[in-house]
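First comes the structure, then the notes that go with it.
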There are 2 protein chains.
Amino acid sequence: MSQTVDRALSILPLLAQGPADLGQVAERLGVHKSTALRLLRTLHEHGLVYRQQDQRYRLGARLFALAQEAVENLDVREIAHPHLVELNQNCGHTVHLAVYEENEVLYIDKVESRYPVRMYSRIGKPVAITVAAVAKLLLADLSEAERRSVADKLDYPMYTPRSTPGAAAFLKELAAVREQGWATDLGGHEESINCVGAPIRGADGRVVAAMSVSAPNVVVTAEELLTLLPLVRRTADTISREYSGSNRPKKV
Amino acid sequence: MSQTVDRALSILPLLAQGPADLGQVAERLGVHKSTALRLLRTLHEHGLVYRQQDQRYRLGARLFALAQEAVENLDVREIAHPHLVELNQNCGHTVHLAVYEENEVLYIDKVESRYPVRMYSRIGKPVAITVAAVAKLLLADLSEAERRSVADKLDYPMYTPRSTPGAAAFLKELAAVREQGWATDLGGHEESINCVGAPIRGADGRVVAAMSVSAPNVVVTAEELLTLLPLVRRTADTISREYSGSNRPKKV
DNA sequence: AATGGGTGTTGCACATGTTGCAATCACATC
DNA sequence: GATGTGATTGCAACATGTGCAACACCCATT
């Protein structure tokens, strides 16, 4: 909508891939060097872009600070956190909290497993959307049309033989999740890791976030993990109630 | 330098404080509503801004993803990480890695304490710059003029009675740190928490990052923590060597 | 139903801010 | 000291962004 801003913002994902010098930025942006320079300067003044000693540009510090402030202002996260910790203390496994936003699902909180074997994930990192239990929960709550539209847009990487193979299978899985009110990921992302998850709902019943417990096979089998389901659901419901109470919908 | 981009970017910190509606954004930006709308739309298209159900805007998901990608591409971080983990396994305490950038010091990596009592901190969060050991290390390496300039610009909040009280004291401390090649924070940020830190240097000898070990009084006394200093310094030196090797300076 | 205040949104004429060029500078390397 | 690469600046042309005013919309009142 605004050409200049559009160009400037296009620089960010470009630099996210690694540092680049003025010429590279200009070329990949399709503009004259002088134009790129001015845009970079503006980004620099706002701290979103940093200039290293060798003159190349990379993403700057304020970006982290912003992302940090943003995530800390999310109501759900704040309310959920103590409950996630408690759950972690009860079962010892890694606990995740995730939200859906514009075709992406991302972790906004995490409590690390107390076992030495941990799974890799990081707050802010986009979730493997086609297989993760939290992703299924969040997408399952969308309208029929939205689910279809999102499912069509996605890629279906076969992380493991048990990954969701395509849109049809995914939609079927979402329907099942919607029906039963909880979700699993049994080795769909990494062969040896299983998850059980449950949705967190706002006062209007819509899913605002999803949480899950993950553990590797070497610690507990999938069956054992499933016995935690009631506990996970209870925790999610507690958070839902607390969230609904403090956050009465202003509209709708 | 670019008015439009400048205005658009000014929206981000504004939204970081909490969601705002179109009118508020326009007012705080000092522009017409229609202008603010177009800027917000552009930010929205790039995923930096999200529109919630009640029409208000808040920071968007892509911001996290960007910050995430950026931090993962930092060379020092990648090289340092395994060493930080090893150090953590040897001593059990929380280990931090931080860099300096444009008047800010921020954590770029962290390995959690294995003790139940943990200190609060988070990757991406700006460090308490006047008291943290890592901040002292990073600032101590700046030129005399830069140190003076930064020291003057800072605030000196008295987190505890042992916080650095002002610019003069801070500069003196920096000189000492520069001299001795390591730094501490003994209860300067939180009464009961102590840190010891050491610098990580590039091939040209300049400090590129700093690391520290932190532990609360209840776990180890300050004296006991100081006995870890040789280990911390050794780890920092190892990282420095590895970093210098893989990262020969292109210029200067 | 009708009214009114509060939003967010669109179309448009004007001029401001942005663009690309070409020239210049900074700084290596040969 | 010449040569090449990349960053930077000044400037004139004009594409872009701007504010205005009108409109659409939602909700609360009467």
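The values are calculated or read from the model by the stated rules, or taken from the named source; none is laboratory data. Computed from a predicted structure; not experimentally measured. Don't worry about glycine lacking a Cβ; one is built from the backbone with ideal geometry, like all the others, and counts go over all protein chains shown. Ligands, DNA and RNA are stripped out before the accessible areas are found, and what is left, the full protein with its side chains, is counted by its heavy atoms. Shrake-Rupley method; radii C 1.70, N 1.55, O 1.52, S 1.80 Å.
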ask   = Do any residues in the range A:1-22 that are within 12 Å of B:Glu45 (Cβ to Cβ) have Cβ atoms under 8 Å from those of residues that are more than 9 Å from DNA strand C (Cβ to nearest atom) and open to solvent by 10 Å² or more (accessible area, probe 1.4 Å), where the two are at least six apart or on different chains, and which pairs are they?
value = A:Met1/B:Glu45; A:Asp6/B:Glu45; A:Asp6/B:His46; A:Leu9/B:His46; A:Ser10/B:His46
key: A:Ala36 being among the hydrophobic types (A, V, I, L, M, F, W, C) and within 16 Å of DNA strand D (Cβ to nearest atom)   = yes
message = Tell me the residue from B:Arg56, B:Arg62 that is closer than 20 Å to A:Val208 by Cβ, more than 9 Å from chain A (Cβ to nearest Cβ) and basic (Lys, Arg), please.
response = B:Arg56
inquiry  = Can you pull out every residue in the range B:197-220 that is among the polar types (S, T, N, Q) and within 19 Å of B:Gln89 (Cα to Cα)?
reply    = B:Ser212, B:Ser214
remark   = Heads up, the helices (runs of 4 or more DSSP H) in the range B:21-80 (entirely inside) with at least 1 residues that are open to solvent by less than 40 Å² (accessible area, probe 1.4 Å) and away from DNA strand C (no atom under 16 Å from the Cβ) are B:61-72
note = Given (1) part of a helix (DSSP H, G or I); (2) at the interface with chain A (Cβ under 7 Å from one of its Cβ atoms); (3) open to solvent by 50 Å² or more (accessible area, probe 1.4 Å), B:Leu9 misses just (3)
inquiry  = Looking only at the range A:209-225, count every residue that is of a type in the set (Val, Ile, Thr) and under 14 Å from A:His96 (Cα atoms) and tell me the total.
reply    = 1
query = Taking the condition open to solvent by less than 60 Å² (accessible area, probe 1.4 Å) and of a type in the set (Gly, Ala, Ser), does A:Ala168 pass?
reply = no
query = So which residues in the range A:12-33 are within 9 Å of chain B (Cβ to nearest Cβ) and either more than 27 Å from the chain's Cα centre (by Cα) or away from DNA strand D (no atom under 11 Å from the Cβ) (or both), if there are any at all?
reply = A:Leu12, A:Pro13, A:Leu15, A:Ala16, A:Gln17, A:Gly18
